[in-house]
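Remarks on the structure that follows.
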Amino acid sequence: MNYLPYLIWSSPFVASAFVLALHNRKAAGGISIGSIAIATLISAYELAGLSGHPVVLNISWFSLGALQVNLGMLMDGLSTIMALVVAVISLLISIYSYRYMEDDDGINRYWFFFTFFVGSMLLLVLSNNLLLLLIGWEGTTLSSYALIGHWYTDEPERWVGDADRHTLGVPAWSTPSEAAIRAIVFTSLADVAFITAIGMLYSVSGTFSISVLASSMPHVLTVMQSRGILIPFLIAFTLGAFAKSAQFPFHEWLVTAMTGPSSISALIHAATMVNAGVYLLLRFTPMFISGSLADGLSAQIEPFFIYMLIIGALTAFMMASQATVAKELKLILAYSTASQIGYMFMAIGASFFILPTVALFAAFSHMISQAIFKAALFLVAGVLIHQFGSRYIGDIRGIWKYMKYSSIAFFLAALSLSGIPPFSGFWDKDLILDLTSSAGLWAAYAVGMVVAFLTAFYIFRVIVMTFQAGPRGEVKEAKRSMMWPYLLLGVAALLFGILWPYALGNISGRIYIAMTFDSIIKWVPAQVVSQIPFNLVMSVPSVAVSLAGIFLAYFLYRGGKQPSISKGKAGGMFGAIYAFLYDRWFINAVYYRVFVNGLLEVSTLLGVFVEAKFFDGIYHNYIPNAFARVSGRFRRLQSGDFDRFIGLMFLGLLALIIIFLIFLR
Amino acid sequence: MTVTALPLGLSVLLVPFVVSVLLLVIGGRLRPRLLAYISAASLGVPLVFTSAVMALYRSYSATLLAVGGLGSFMVVINGLNWPVLLGIMAVTMAIAIYSVPYMKRRFEELGKEHWGTYFFLYTFFSASMVGIVESNNFIMFYLFLELSLISSFLLIAFYGYGDRGRVSFIYLIWTHLGAFLFLLGGFIYGMILGTFNFYPVPPNLSSIFPYVYVIIALILLGLFIKMAIFGVHVWLPYAHAEAPTPISALLSPALIGIGGYAIIRIPYILFFSYMIKLQWALIVLALVTIIYSGLLTFHQKDLKRLLAYSSIAQMGYMLLGIASFNPLGIVGAILQFYAHAVGKSLLFSSSGAIITENNGLRDITKMGGMAKEMPMTTSMAMLGFMDISGLPPTVGFFSKLFILLGVGSFLVNSGVYGFIMLIFLVVGFGITPAYSFTAMKRVFFGPSKKGFKDAGLMMMAPLIFIAILGIITFIFPGLLITPLYLYVHSLMGG
C-alpha cells in the first residue's frame, strides 16, 4: 500500500510538534516552510499520478465493535486538486510570513498554529472518514481562534473597526482577543448541528466512510424523508459548512477576523478555513443530488437547494454592499471573501437545477480563482498597512509610484476579482451567472449581476484611491522574499485565466466532477467538460457591469476626491444608507444587543434570583432554619424528667417491634 | 461466609490505603516532596495493574468474599470503568506532586504545616475513589463512597478557603444526603433480592420490578446530588470553589463524575427497559443543567467558582450522553468522565498556579493580560478549556463527539421534535466554547499587565503530564474507545 499521501497532512502536524518541542525562533519558520513544501510536492505528485478512479487508502485507527474506523484517505480529483491548491497557497504565504513575522514576540506560537492550521485543512480535505474530517474541521477552528487572536495584548492598531464608533450603542470595533472568540463561537455553534447530523447519518447508514456513504446516500435520504426530516437534516448537516464559509447569518466572524497578522488573513481567506465549507458541500452535494434522483425525491429535496441559493445570493449581495463604503483595507477584502463565497454557494444551489457537474465545477473553479487572487490581495495589504502605518485606505497613497511590483500584483488580483477577461475570476463568475440564467433562476442571476457590479466598484475604489499620487517619504517596496509570493499569485491569476479554456480541453481527465448516476465519485470525461457552455452573448452583460463598476469608481474617486457619501458626511437618505452599510446592516449590533447582552442579562437574572435567592435561599437558609426551629422544639423534650424518658423509650421500642413484625410477616 | 485468598486486584487496591496510613505516621519526619512521591507511587500501583490488565485481558474480576444475603464483594475492572479508572488514577498521581508547592503556600497562610495529615487524607481520598469505581456491590460501593466523602470533607474543613467550616458542612450534608438516598435504594434492592450485587446481574432481578421505580428514583436522586445536576447542584460551587485547589482538581472532575458512571453501572444496565421511559425527562434535565450552569459561568467573578459551574455543565453533558440510550452516547458519557478529569484538573490546577504565585488572586476582574508573564499557565488553561470545549488535539474532542453522535442517533428517530431539541443542543454545546474562551480572554488576554509570576516546574510538570496523557488518548482513541464500545455493545446489543 502507498503510505506516501499520508505525509501530505501529517508533515505539517509533525512540523507543529517540532516547533513546539524545539521552541527555537530561528528554526521554527524553516521547519514549517519545509513541511508545507513536502506537502505541496507530494500532493502534486499524487495529482500527477491519479488515474481515472478515486483511490481509497486505509490505516486502521480504532474499532467500534464490528465497525473498523480507519485513518482513511480519499484521493480523487476534487480532494487532490484541493489539497494541492491549499498546499501551494499555504506555502507561498508561509514564505511571505518568514520575513513578515520575523520580529514578532510570539513567533513560535505563530508557526505552531500555522502548520497546525495547514495540516488540519489538508486532513479535512483528504480524509475519507467523517470522524477524521471532523478532526481537521475542528483543528481549523482552533487554529483560526489562536491566529486571529495572535496579538492577544489588544493594542489599538490591531483592532478592526473605528475605535470610537458605536452602533445602536454597541461598540463598532473588535480587539484581537474578542475577534478570536467571535470566530470560535460562531463556527462551534454551527458545528454542533453538523456533528449531530453526522450521528443521524451514522445511525441510518452505519458508516462514517465518505466513499461508502456515496453509495448509501439514496437509502439515507429515503429514510430521512420517510421520517419527515429530510430538509432539517440537510440543513443541520451543512450548517457547519455555512458557518465555516462565513455565510449569513454566520458571516460576522469573518468580518472581524483580520485582527490577526495579514498573512493569517490570507491563509484564512484563501487557503484554509472558509474553503472548508465549500469543499464539504462540493463533496456531498453530488451525493444529495444523485441520491434524491435515484429515489425520486427531487421535489422533496428542492427546497434545500433553493435555501442554498438564497443564502448564497443574500451573502454575496450583503457583503459586497458593505464593501463599497468600508474604509479599512483588510475589511474590504474580508467582505469580498464572504461575497465571493456567496457566488460559490449560488453555484452549488444551482447545481440541482441545471448541469450539476458543470455548476459544481464552476463553484470549485471559482474557489481556486478566489484563493489565488485573495491571497495576493491580502499579502499586498499586509505590506501596505505596514508601510503606511495605517489600516485605512484613506491613508494609503501613491503605491504605484513607490511600490511598483506590489501594485502590479494588487492590480492583477483586483482584475481577476472584478471578473475581467481573461482573468480566471472572469471565467467562473461568468459561468455561474450563465448557469443561473439558463436555469431560469432569474432572481439569482440578477443578484449575481448586481454583485458583479459592486465587486468591480469596491475593489477599484481601493485601487483608484491608493494608486493616486501622494507624497509619503518613508514608503518603500517590500523585501524581495515577501514580494515574490504575491507577485507570483498575481501572475497566476492571469495565467490561470488564460489557460482556463485550454485546461478544460487538455487536462480534463484530471479535473474533478462528481456527478453521474451510476457512480458518485468519478472523473469527468472529456466530453462532459466540452459541454461546459461558453456563451459569448451571455458574458457581454457581466463584463459590461464589471467595467461599469470600474468606471464609476474611477469617476467618483479620481484625483483624490471623495464623494460626500463615502466620507459619511452626506445627510438625509444617503447618510442613512451609508450608516446602514457602514454598520454592517446593523446585524452585528443586533447580535450584541439581543444575543450577547441578552445572554449576560439572563445570566445575571439567573445568578441573582434563581441561584442565590431561590436555590441558596431554600436549601441553605429556609430548610436549615426550619430544622433549627424543629430542633428547638425537640430540645424541650430533653427536660431531664426520668419518667418521660422511660415512656419515650418504650414508645420507641414499640415502634421497632411493629416494624420488625411487618417485615417478618 | 467464604473468604478466598486475597486476590491480586484487591491487594493492589489496598496498597494506597496502607501507604496513606504510613504517610500519616511518618509524615512529620520526611520532606513534603518525598511524601508526595510516595503518595503518587502508591497511587501508581493500581494504575500499572489496571493498565496491564486491560492490555492483557480486557477485563478482570476477583471475589474477596461472599456473604449469604449480602452477595459477593468483588474487584471489577473492564472496558466500562477503565477510562474512569485511568482518569482518576492519572490525575490523582499528578496532582499529588502538584500539591507540594500549592500546599506549601497554603500552609504558610494557615500558619501551620500538616504534611502528614494532608497526604494521608489525599491518598486515602484518591484510593477510595478507585475503590468506588471497582466495586460490584451496593455495600462496597457505599463503603468506599463514604470513605471518599469523609476524607474530602476533612480536606475542605482543614485546608479550605473562605468560611470553610460552613462550606465543608454544606458539602458534608449534601453529599451524605445523596449517599443516603442511594443507599436506601440499594437497601430495598438488596432486601428483596437477597443480594446487594449489581454486578454480575442477579438472576432473580425480575422479582424487583414491582418496586423498580422507587429504587430508580432513590438511586437517581442520590446520584444526581452527587453529580450536581440542576436542582440539586447548589452545594457544588461552594465546595469546589473553597476547597484547596488540588482537592478541587480531584473533586470537580473525578468524584462528581463517578455519579454519572454509577448511573450507567447500576440503574442503566439493570433497569434499561424502565430507564428508557424516562428518556425525554433525562434529556431535558441534562440540557437544562448544561444551559443553566453554562449561563451562570458568565455571572462569576471568582475564577474557581466559574470553573465549578462549568463542572456542573460538564456533568450535564455526561447525563446527556447517558440519556441518548445509545451505545455511542454511553461511550461518549464515559469518555466525558475521562476528558473532564483531564480538562478540569488542568483548569483548576492552572487557577491554583495563579493563586499561589499571585497572593491568592482569584478575582477575574483583577486579572487580564496575564498571558505574557504566565505563558505556561496560559497554555495549560488553554488546553483545559479546549478539552471541555471538545477541540482537538485533546481527548475532549472524542467525548463531545460521541455524545453528540449518540444524541443524533436518538434524534433521527424523533422526527421534527428532534430538531426542536437540536436548537437547545446547539445552545448547550455552543455555550461551553463561549464561556471558555471568554474566560481565557478575561483572565489571560488583553493589555499586558506587569507583576504576575508564572509557576515553577514542580507545579507545571504534573500538568504537562496530564495534558500529554489527554493528547495521547486523543491520538490513540482506541485505547479507551475500543474496549469501552465492546463492553457497552455487548450490554445493549445495538
Flagged pairs (Cβ under 9 angstrom, 6 or more apart or on separate chains; first in region B:417-443, within 8 Å of chain A (Cβ to nearest Cβ) and more than 30 Å from B:T378 (Cα to Cα); second aliphatic (A, V, I, L, M) and not in a helix (DSSP H, G or I)) are B:G418/A:I229; B:G418/B:V412; B:F419/A:I229
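Determine whether A:L92 is modelled with pLDDT of 95 or more, over 17 Å from A:A266 (Cα atoms) and in contact with a helix residue (DSSP H, G or I) (Cβ under 7 Å, 6 or more places away or on another chain). Working first, answer last.
Working: modelled with pLDDT of 95 or more: yes; over 17 Å from A:A266 (Cα atoms): no; in contact with a helix residue (DSSP H, G or I) (Cβ under 7 Å, 6 or more places away or on another chain): yes.
Answer is no for this residue.
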Per the list (1) open to solvent by less than 20 Å² (accessible area, probe 1.4 Å); (2) of a type in the set (A, V, I, L, M); (3) over 24 Å from B:F437 (Cα atoms); (4) within 11 Å of chain B (Cβ to nearest Cβ), residue check on A:A146 breaks on (3)
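A quick yes/no check of all residues on (1) facing chain B (nearest Cβ under 10 Å); (2) buried (at least 23 other Cβ atoms within 10 Å of the Cβ); (3) free of Cβ contacts under 8 Å to residues at least 40 places away in the same chain:
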site	(1), (2), (3)
A:W137	yes, yes, no
A:T141	yes, yes, no
A:D164	no, no, yes
A:A179	no, yes, no
A:I184	yes, yes, no
Of (1) in a helix (DSSP H, G or I); (2) over 26 Å from the mean Cα position of the chain (by Cα); (3) not acidic (D, E), B:A36 fails just (2)
Residues of region B:249-277 being of a type in the set (S, T, N, Q) and open to solvent by 10 Å² or more (accessible area, probe 1.4 Å), in sequence order, are B:S273
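Among the listed residues A:L67, A:L41, A:L47, identify the single one that is within 14 Å of another protein chain (Cβ to nearest Cβ) and surrounded by fewer than 19 Cβ atoms within 10 Å (Cβ to Cβ). Talk me through it step by step, then tell me what you get.
Working: A:L41 fails: within 14 Å of another protein chain (Cβ to nearest Cβ); A:L47 fails: within 14 Å of another protein chain (Cβ to nearest Cβ).
A:L67 is the lone residue from the list that is within 14 Å of another protein chain (Cβ to nearest Cβ) and surrounded by fewer than 19 Cβ atoms within 10 Å (Cβ to Cβ).
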**Q.** Condition check for B:L479: open to solvent by less than 10 Å² (accessible area, probe 1.4 Å), hydrophobic (A, V, I, L, M, F, W, C) and within 11 Å of chain A (Cβ to nearest Cβ)
**A.** no
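How many residues are open to solvent by 10 Å² or more (accessible area, probe 1.4 Å), more than 18 Å from A:Y100 (Cβ to Cβ) and of a type in the set (A, V, I, L, M, F, W, C) if we restrict to region A:3-30? It would help to see each step written out before you state the result.
Looking only at region A:3-30, we keep the residues that are open to solvent by 10 Å² or more (accessible area, probe 1.4 Å), and these are A:3-4, A:6-7, A:9-11, A:13-14, A:17-18, A:20-27, A:30.
Checking which are more than 18 Å from A:Y100 (Cβ to Cβ) leaves us with A:3-4, A:6-7, A:9-11, A:13-14, A:17-18, A:20-24.
Checking which are of a type in the set (A, V, I, L, M, F, W, C) leaves us with A:4, A:7, A:9, A:13-14, A:17-18, A:20-22.
Number of matching residues: 10.
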Filtering helices (runs of 4 or more DSSP H) wholly in region A:565-630 for at least 1 residues that are open to solvent by less than 30 Å² (accessible area, probe 1.4 Å), more than 14 Å from chain B (Cβ to nearest Cβ) and of a type in the set (G, A, S) gives A:572-582, A:587-590
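Check B:G44, B:G79 and return the single one that is modelled with pLDDT of 90 or more, open to solvent by less than 20 Å² (accessible area, probe 1.4 Å) and in a loop (DSSP other than H, G, I, E, B). Reasoning before the result, please.
Working: B:G44 fails: in a loop (DSSP other than H, G, I, E, B).
When all the criteria are applied, what remains is B:G79.
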Region A:304-403: helices (runs of 4 or more DSSP H) wholly inside it with 2 or more residues that are aliphatic (A, V, I, L, M) are A:329-350, A:356-388
Considering residues that are assigned to a helix (DSSP H, G or I) and either surrounded by fewer than 24 Cβ atoms within 10 Å (Cβ to Cβ) or not hydrophobic (A, V, I, L, M, F, W, C) (or both), the number found within region B:394-409 is 6
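A quick yes/no check of all residues on (1) of a type in the set (S, T, Y); (2) open to solvent by 10 Å² or more (accessible area, probe 1.4 Å); (3) under 17 Å from the mean Cα position of the chain (by Cα):
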residue	(1), (2), (3)
B:Y142	yes, yes, yes
B:S148	yes, no, yes
B:S151	yes, no, yes
B:R164	no, yes, no
B:I173	no, yes, no
B:L181	no, yes, no
When every residue in region B:293-311 that is within 11 Å of chain A (Cβ to nearest Cβ) and in a helix (DSSP H, G or I) is compared, the one farthest from B:G428 (Cα to Cα) is B:R305
Would it be correct to say that A:A236 is under 19 Å from A:F304 (Cβ atoms), assigned by TED's automatic domain parsing to the domain that holds A:F345 and either touching a Leu at 6+ places or on another chain (Cβ under 6 Å) or modelled with pLDDT of 90 or more (or both)? yes
Picked from region A:419-465 (must be of a type in the set (F, W, Y) and more than 20 Å from A:I498 (Cβ to Cβ)), the residue surrounded by the fewest Cβ atoms within 10 Å (Cβ to Cβ) is A:W442
Expected single match for surrounded by fewer than 20 Cβ atoms within 10 Å (Cβ to Cβ) and either more than 22 Å from the chain's Cα centre (by Cα) or within 8 Å of another protein chain (Cβ to nearest Cβ) (or both) among B:S490, B:S389 is B:S490
Out of (1) within 13 Å of chain B (Cβ to nearest Cβ); (2) hydroxyl-bearing (S, T, Y); (3) assigned to a helix (DSSP H, G or I), the one A:S263 does not meet is (1)
Checked B:G418, B:G384, B:G352, B:G316 against criteria (in a helix (DSSP H, G or I), at pLDDT below 95 and under 23 Å from the mean Cα position of the chain (by Cα)); the one match is B:G352
When every residue in region B:365-381 that is facing another protein chain (nearest Cβ under 10 Å) and outside any helix (DSSP H, G or I) is compared, the one farthest from B:D302 (Cα to Cα) is B:K372
Okay, strands (runs of 3 or more DSSP E) sitting entirely in region A:46-89 with 1 or more residues that are under 18 Å from B:L480 (Cβ atoms), I get A:60-64, A:67-70
Sole miss for A:I341 among (1) closer than 22 Å to A:I432 by Cα; (2) open to solvent by 10 Å² or more (accessible area, probe 1.4 Å) is condition (2)
Picking from A:G260, A:G169, A:G228, the residue that is touching a residue at least 24 places away in the same chain (Cβ under 8 Å) and open to solvent by 10 Å² or more (accessible area, probe 1.4 Å) would be A:G169
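Could you tell me how many of the residues in region A:149-162 are among the aromatic types (F, W, Y) and within 11 Å of chain B (Cβ to nearest Cβ)? Quick ask: steps written out before the conclusion?
Here is the first cut: in region A:149-162, the residues among the aromatic types (F, W, Y) are A:151-152, A:159.
This time we only want the ones that are within 11 Å of chain B (Cβ to nearest Cβ), so: A:151-152.
Number of matching residues: 2.
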*Just wondering, is there one or more residues in region A:197-208 that are more than 13 Å from chain B (Cβ to nearest Cβ) and buried (at least 24 other Cβ atoms within 10 Å of the Cβ)?*
no
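With the condition kept exactly as written, say whether any residue in region B:186-206 is under 25 Å from B:A254 (Cβ atoms) and assigned to a helix (DSSP H, G or I).
Start the filter on region B:186-206 by keeping residues that are under 25 Å from B:A254 (Cβ atoms), which leaves B:186, B:196-199.
Then drop every residue that is not assigned to a helix (DSSP H, G or I), which leaves B:186.
Looking through region B:186-206, at least one residue is under 25 Å from B:A254 (Cβ atoms) and assigned to a helix (DSSP H, G or I).
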Considering residues that are within 20 Å of A:R558 (Cα to Cα) and open to solvent by 10 Å² or more (accessible area, probe 1.4 Å), the number found within region A:388-418 is 12
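The values are calculated or read from the model by the stated rules, or taken from the named source; none is laboratory data. Keep in mind the model is a prediction, meaning the values are calculated, not measured. Methodologically, a virtual Cβ is constructed for each residue, glycine included, from the backbone with ideal geometry; neighbour enumeration extends over all protein chains shown. Surface accessibility is based on the protein's heavy atoms, side chains included, excluding ligands, DNA and RNA. Shrake-Rupley method; radii C 1.70, N 1.55, O 1.52, S 1.80 Å.
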